[in-house]
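The values are calculated or read from the model by the stated rules, or taken from the named source; none is laboratory data. Since the structure is predicted, the reported quantities are computational estimates derived from the model, not experimental observations. Neighbour counts run over all protein chains shown; Cβ positions are idealised from the backbone, glycine included. These area figures cover heavy atoms from the full protein model, side chains too; ligands, DNA and RNA do not enter into them. Shrake-Rupley method; radii C 1.70, N 1.55, O 1.52, S 1.80 Å.
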Amino acid sequence: NAGVTQTPKFQVLKTGQSMTLQCAQDMNHNSMYWYRQDPGMGLRLIYYSASEGTTDKGEVPNGYNVSRLNKREFSLRLESAAPSQTSVYFCASSAASGSSYEQYFGPGTRLTVT
Amino acid sequence: AQRVTQPEKLLSVFKGAPVELKCNYSYSGSPELFWYVQYSRQRLQLLLRHISRESIKGFTADLNKGETSFHLKKPFAQEEDSAMYYCALIQRTGRRALTFGSGTRLQVQP
């Protein structure tokens, strides 16, 4: 049981390049989330998916797109990377049912845009 | 809009001293509050949640609705408590995503 996995762990992009961050969970969770972590700002929600087939914008969605490929996988795409997107990206998942809203986090992807 | 405030960026204490990490929130309804912890080179993990009223690794947190606070406390800090601590809330209806505070780094010195 790996929990939440993310690839890649590190990435360096040039301004204008595109890339997709992959996330998968093996806990049969309904909900999945993408956050970015910046110094002094905590974690901010980029996009989330309450269930397979649905996605919704979070607090800072500009410059990103997401795909909930199936129940297990939730990817984040940067179409044209900008230096302001230099950050650590975390994927999380949650059963989000009953009284259980605990979120489980992946190890993170450290992205640098030059 | 909901908001979580952690006023201290860094809290440095000596081993054995009491610790209190402050968290205040603003939310119009009745939220669920959590503390998450991130140890060096590890992923973010849940420390405790207010609804379970439990003590984890000696830490406790009481929800004070009057003061809209959810401070994290431990009577005697240990060096292994050094980490980044995040207070977070989730609304009970609608979007079920966490709103995080900016985090407090706890440094426990020997």
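Per-structure values
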| read-out | value |
| --- | --- |
| Hits in the stretch A:49-65 (condition: open to solvent by 30 Å² or more (accessible area, probe 1.4 Å) and touching a residue at least 24 places away in the same chain (Cβ under 8 Å)) | A:Ala50, A:Val60 |
| Residues located in the stretch B:60-94, provided they are closer than 30 Å to A:Ala50 by Cα and assigned to a loop (DSSP other than H, G, I, E, B) | B:Asp62, B:Leu63, B:Lys65, B:Thr68, B:Phe70, B:His71, B:Gln91, B:Arg92, B:Thr93, B:Gly94 |
| Evaluation of B:Leu106 against (1) away from chain A (no Cβ under 14 Å); (2) hydrophobic (A, V, I, L, M, F, W, C); (3) surrounded by 19 or more Cβ atoms within 10 Å (Cβ to Cβ); (4) part of a loop (DSSP other than H, G, I, E, B) (one fails), failing number | (4) |
| Options B:Phe14, B:Phe76; residue that is modelled with pLDDT of 95 or more, surrounded by fewer than 21 Cβ atoms within 10 Å (Cβ to Cβ) and touching a Gly at 6+ places or on another chain (Cβ under 6 Å) | B:Phe76 |
| Single residue of the stretch A:72-81 satisfying the filter (open to solvent by less than 70 Å² (accessible area, probe 1.4 Å) and closer than 29 Å to B:Tyr85 by Cα) that is nearest to the other protein chains (Cβ to nearest Cβ) | A:Phe74 |
| Exclusive hit being among the β-branched types (Val, Ile, Thr), in contact (Cβ under 8 Å) with a residue 12 or more places away in the chain and within 28 Å of A:Gln6 (Cβ to Cβ), set B:Val108, B:Val13, B:Val4, B:Val19 | B:Val4 |
| When residues of the stretch B:41-59 are limited to those that are open to solvent by less than 60 Å² (accessible area, probe 1.4 Å) and part of a strand (DSSP E or B), the one nearest to B:Ser12 (Cα to Cα) | B:Phe59 |
| Filtered residues of the stretch A:47-71 (kept if modelled with pLDDT of 90 or more, within 14 Å of another protein chain (Cβ to nearest Cβ) and more than 18 Å from B:Thr99 (Cα to Cα)) | A:Thr54, A:Val66 |
| Scan of the stretch B:60-73 for residues that are in contact (Cβ under 8 Å) with a residue 12 or more places away in the chain and open to solvent by less than 70 Å² (accessible area, probe 1.4 Å), ordered by number | B:Thr60, B:Ala61, B:Leu63, B:Thr68, B:Ser69, B:Phe70, B:His71, B:Leu72 |
| Near pairs, Cβ below 9 angstrom, 6+ apart or cross-chain, from the stretch A:15-40 (closer than 19 Å to A:Gly58 by Cβ) to any residue that is modelled with pLDDT under 90 and exposed (fewer than 14 other Cβ atoms within 10 Å of the Cβ) | A:Gln25/A:Ala2; A:Asn30/A:Ser51; A:Asn30/A:Ser97; A:Ser31/A:Ser51; A:Ser31/A:Ser97 |
